[in-house]
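**Q** Just dropping this structure here.
What follows draws every value from the coordinates through simple rules; no lab data is involved. The shown structure was predicted, so the numbers you read here are calculated from the model rather than taken from an experiment. Note that each Cβ is placed from the backbone with ideal geometry, even for glycine, and that neighbours are counted across all protein chains shown.
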Amino acid sequence: MRLTRSIRAAVAAALLLAATACGSSGGGGGSASTGLNPPDLKAPTKLGKPEGQVNLIAWAGYVEDGSNDPKVDWVSDFEKQTGCQVRSKVAASSDEMVKLMKTGEYDAVSASGDASLRLIASGDAAPVNTDLVPNYKDVFPDLKMQPWNSVKGTAYGIPHGRGANLLMYNTAKVKPAPTSWSAVFDGASAYKGHVTAYDSPIYIADAALYLKATKPELKIKDPYALDQKQFDAAVDLLKQQNKNVGEYWSDYLKEVSAFKSGDSVIGTTWQVIANLAASEGAKVKAFVPKEGSTGWSDTWMVSAKAKHPTCAYKWLDWIVSPKVNAQVAEYFGEAPANAKACEQTSDKSFCATYHAGDTAYWKRIAFWNTPIEQCLDGRTDVKCVPYAKWVQAWTEIKG
């Protein structure tokens, strides 16, 4: 069972480098253009001799060596096979990952989309030569060369796993069954004090996604590319929601407990939380509402200052190899990135439950990306609100 990715509203890391010519951040494969002009860094053309060590920054549950659970260990075999001793640091937030990568003490990081563009733009993450990662060929095509892991046709990492932010509700207390995010926004007063929401500045995108569908006059195309008017509308919606929120969650165990006790009856969740809550007796269902959902896709990125680049590449290939990727996905609670991992899961229905290869499902998910001034939706006549201001606004929203 996953430990958690506890996202806290810390002060945002350094602002992104200025960029020109915005490109589209829409889904689909091919060359992704984000409007960034990152430093001119080169990916290696070949690997050298393993350096004997690799220093990693990761979400809890991504680098398990048996110390948390003797049955959960995919690090020991990696060390035996490569000679690369793993030293890992668990990060509590994307902001912490960005800060740690700037020290130059780490070789690779499991970055989510709300950190990856910051790392690319600042020159802390280097381009990745996917030819040096043999298992990359089996990664689902719709995870490759996306706006959060590539810039202008250059890959900056290896996809690891993904998940959607779902709407969960108590089937006994929320009737009729909701179909829309309106249940936690415009209609939230019906459950005053029992609404729960994800505790992170990136949650502003959830409000923007809802407004994209319900307020077409705002002309929102990308929930991570908001001009000031669009951003203000999303913030206002969340301030209204705040009056009905009983708890903002970042620890999944607290959300499970709240739904079991009835303190929370509706709000945003992850599939793994819904599964656990149901297994412990909570009467809950979770789904993607009609407007779609936000979600995450994590990427292993290599530091531009990596002292152990060969061991870092060995790790990237190992973590997305079928057996290991299956182990991580089941332990963490997300869809694996490697299509062949689905043959290796202990629960043979796991990939179906997590929609691993369901392309139509993922087309409804707006994966986390890093908000920057150069609008990710392609607009050049306005500036969009950068992530640092999302962090400031989140503090205001919560009061």
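**Q** Work out how far the C-alpha atoms of the chain reach from end to end along every principal axis, then list the three figures in whole Å, largest first.
**A** 62, 51, 35
**Q** Also, quick follow-up: Give the cross-link partners of residue 239 among the lysines, using a straight C-alpha distance below 19 Å as the criterion and excluding same-chain residues fewer than 8 apart.
**A** Counting by Cα, and skipping residues close in sequence, residue 239 has these lysines nearby: 192, 212, 215, 229, 389, 398.
**Q** Using only helices, what value at 222 nm comes out for the chain when you add -39,500 (n - 2.57) per DSSP H run of length 4 or more and divide by the total residues, to the nearest 500 deg cm²/dmol?
**A** Working: 12 runs with 112 residues, N = 399.
Result for the chain: -8000 deg cm²/dmol, rounded to the nearest 500.
**Q** Same structure again: Where both residues lie in region 23-175, what percent of DSSP beta bridges are antiparallel, nearest 5?
**A** Around 25 percent antiparallel, to the nearest 5.
**Q** Cut-off under 15 Å on the C-alpha distance; same-chain residues fewer than 8 positions from residue 348 excluded. Which aspartates and glutamates are left, in chain and number order?
**A** Reachable aspartates and glutamates: 330, 334.
**Q** What is the packing order of peptides 330-343, 278-291, taking the mean over residues of other C-beta atoms within 10 Å and listing the highest first?
**A** Highest-to-lowest ranking by the protection proxy: 330-343, 278-291.
**Q** While we're here: Which value results for Rg/Rh of region 262-398 when Rg is the Cα radius of gyration and Rh the Kirkwood radius based on the inverse mean 1/r?
**A** Details: Rg = 18.7 Å, Rh = 18.2 Å.
That ratio is 1.03, to two decimals.
**Q** Let me ask something else. Could you name the lysines whose alpha carbon sits less than 20 Å from that of residue 46, not counting residues in the same chain fewer than 8 places away?
**A** Straight-line reach from residue 46, under 20 Å: 137, 305, 307, 314.
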